Structure formats: C-alpha cells, structure tokens
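The values are calculated or read from the model by the stated rules, or taken from the named source; none is laboratory data. This one's a predicted model, so the numbers in the text were calculated from it and none came from an experiment. Glycine gets a Cβ as well: all are built from the backbone with ideal geometry, and neighbour counts include every protein chain shown.
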C-alpha cells in the first residue's frame, strides 16, 4: 500500500499543534512516518511533537524564509519530506461593507497570506525537496501534498468573504499544482472540511456546538478531527487520488448565515 512506502520517511503538518493538524500528525506518526509540526504555538507544538516522537519547528507559513528554515531543519533531522499536509489557517470574519465601512484590508490580506499563500509556500517548497528524492515502486512516487480548504470555498456565508476567497484559492490551485508535479511523481489533493470540532468551535457553549452539529444532515454532529486525519491517511495510501478536492462534511450545504 502507498502509505506503507512512506514509513520511516518525513512528513510535515502545518498547524500541527492543535485541531485537525494535531490529529493528522498523530495519525501519520502512528502509521510509521517521522512527523515534523510547523506551528507558532511553541507550548503545544513542543508538547505534541514529543508525544508523537516527532519534531517541532516554529514556522510562520506566510513567510517564505521561515518556511525555508523549517524545511532545512526537517531535511537535516528527519530527511526529505515525502508527505506535506497544510492545516494551518485562520478564520477572521468581516463583511464586504459593514456599517458603511469597507472591509478592513489588513484582515483580508492576513487571511489570504496565512491560508492561501501559506499553503502555497509550504507546498511548493516541500515539492522542491521531493523532486530530488528516489522514486518509489511501482509508480515512481516521490511524495504527496494535501492542502486544506473548506466548504466555505463553495458555500461561503455572510461575513466569510476573506475566508472563502482564501479557501477558494486553495481549491483553484489543486488541479494545476497536481498537473505541474505529475511528471515528477508527486500527487496533490485538497480536503474541504465542513463543521469540525476544532479549537475555534470548542470555545463555544455546548448548546451552540449542538445546534451547529444539528445542521449536518448525517451524521448530525460536528466532525471529529480524527475523521479528517483518516481521510488524509487514505489520500496518502490511495495512489489514484490526485488533483481532487474532497468535501468531508456530512452532506451539509451552508446557508447564507
């Protein structure tokens, strides 16, 4: 199986200190990969990396130099990254016009830089390392890149103009990136989660969490981060998954608000 060929090879998970990223880091480590967590939360990053016998790098995904430094550390300590999973992201809310004022440029810019440009920075730099790695039989695989979008890329709600644009950009770059890297043996896919119990939602009252979960057709609950991690592992494991965006959402289609 494809997942088996990456055992004892390096994997990188951005945003791996918590939420979807932490669950993914755990799942990949359990599958036998050597995992590096890229995050800005040093306390959680060091703790989780120690728990999974991996390494932690303080990396700002929106800064190409910071990403390069993290990549260099991974190569030096774990070897060439063969799996790159981008989970780092933010979800700032703001309307195009609110109370007569235009959407704050700084908020839009920050969201695009972290969510979209950050994913591109890590994906492209990881791919540059992957291309020089030995191909794996039987298909000549050199690596797998998985980005994280959101159902907001398709069903953006009121106040999600920046977030939806950033996630829509990730959807839009999935196929061309997969085509760019196809002759190099590197696959690219994107997961678009729906409502998941991430740190953002964990801070909400339980009745609000239950109300959000009830909006999901089936199963009528919030998704668990481990369910996202399972899909990541399947994408890595299934060599025919390439250039695809997969909704992981319990069939939810978000209402305007």
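Worth a mention:
- Only residues that are more than 18 Å from residue 54 (Cα to Cα) and either assigned to a helix (DSSP H, G or I) or under 11 Å from the mean Cα position of the chain (by Cα) (or both) were counted across segment 78-121, and they come to 18.
- Hits in segment 47-66 (condition: crowded, with 23+ Cβ neighbours inside 10 Å and either within 14 Å of the chain's Cα centre (by Cα) or within 20 Å of residue 190 (Cβ to Cβ) (or both)): 61
- Unmet requirement for residue 197, which otherwise passes all of (1) buried (at least 16 other Cβ atoms within 10 Å of the Cβ); (2) touching a strand residue (DSSP E or B) at 6+ places or on another chain (Cβ under 9 Å); (3) over 20 Å from residue 40 (Cα atoms); (4) modelled with pLDDT of 95 or more: (4)
- Of the residues making up segment 75-96, at least one is modelled with pLDDT under 95, out of contact with any helix residue (DSSP H, G or I) (no Cβ under 7 Å at 6 or more places or on another chain) and farther than 20 Å from residue 28 by Cα.
- Residue match in segment 67-77 (condition: crowded, with 19+ Cβ neighbours inside 10 Å and under 14 Å from the mean Cα position of the chain (by Cα)): no
- Filter pass, residue 44 being more than 20 Å from residue 197 (Cβ to Cβ) and surrounded by fewer than 24 Cβ atoms within 10 Å (Cβ to Cβ): no
- Pair list, Cβ < 6 Å and 6+ apart or interchain, from segment 62-79 residues that are over 18 Å from residue 114 (Cβ atoms) to residues that are modelled with pLDDT under 95 and not in a helix (DSSP H, G or I): none
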